[in-house]
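Enquirer: I'd like to ask some things about the structure below.
Only the coordinates and a few stated rules stand behind these numbers; no lab work does. Values in this document were obtained by computation on a predicted structure and should not be read as measured data. Cβ coordinates were reconstructed from backbone atoms using ideal geometry, including for glycine residues, and neighbour counts include every protein chain displayed.
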Amino acid sequence: MARPKLKEGELTAYERIAEAYWAELSEKEYSKITISSLAKRAGVNHNLLYYYFQNIDEMAVRFFEENTHGEVSAQFFVQALLQGKDLSPVLKENNTVRMQRVRLYARGDSAFLTGIFRNAVIKTWLEGSGKNWEDLSFEDRFDLHFVIGGLTSILGTPELSDSPPKLLSFTQREIGAAARETLNRIRRKDGEGIL
């Protein structure tokens, strides 16, 4: 029997799975999400999820990458924050959903999700700085993890859920300036102190 044709405006099965994933993640901890609950919510057979993904972890990585691809991303958000730039373009209404989804990875209830977010930010920072991880000294790698880890933690705090612009106060305080200076110091280094 042939598969029914998709009607105009109707979500594909993959899109329904993605929507189900984001809805589940916004309602419960990552560890509580199951293939069964996703399949039920998406209105698909659970085997279809295995057609697209090996497991939920693979799903989490792919949906994060799809969500942050494009003009607005977690990486841009953190870089703008560190550079003290105006975040209003990032916080525009059409980007609210993307930013809420990014914050679900930063909220700290899953070391796996937090790691995805943190590693993506570090990777983008390195690329933007023209640096390679291997070229950094142990101290610089340590400092980079500390600063990005702290920003990840801040981004995931419940206090920001009702007003993301509150994040700007971080850049205007001494600690924000110190974080920015630390990253700028690492960026300016040209191979000195490399292990």
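Enquirer: For region 12-69, calculate the relative contact order in percent as a whole number, restricting contacts to Cα pairs under 8 Å that are 6 or more residues apart. Could you put the intermediate results ahead of the total?
Expert: Working: 32 pairs, mean separation 19.3, N = 58.
Reported relative contact order: 33 percent.
Enquirer: Report the label-to-label distance for N55 and Y14 in nanometres (one decimal), using points 7 Å from each Cα along the Cα→Cβ vector.
Expert: Each label point is offset 7 Å from its Cα along the Cβ direction, giving 2.3 nm.
Enquirer: Further question: Using the alpha carbon gyration tensor of region 12-69, what are the three equivalent-ellipsoid semi-axes (square root of 5 times each eigenvalue), largest first, in whole Å?
Expert: Taking √(5λ) for each Cα gyration eigenvalue gives 15, 13, 11 Å.
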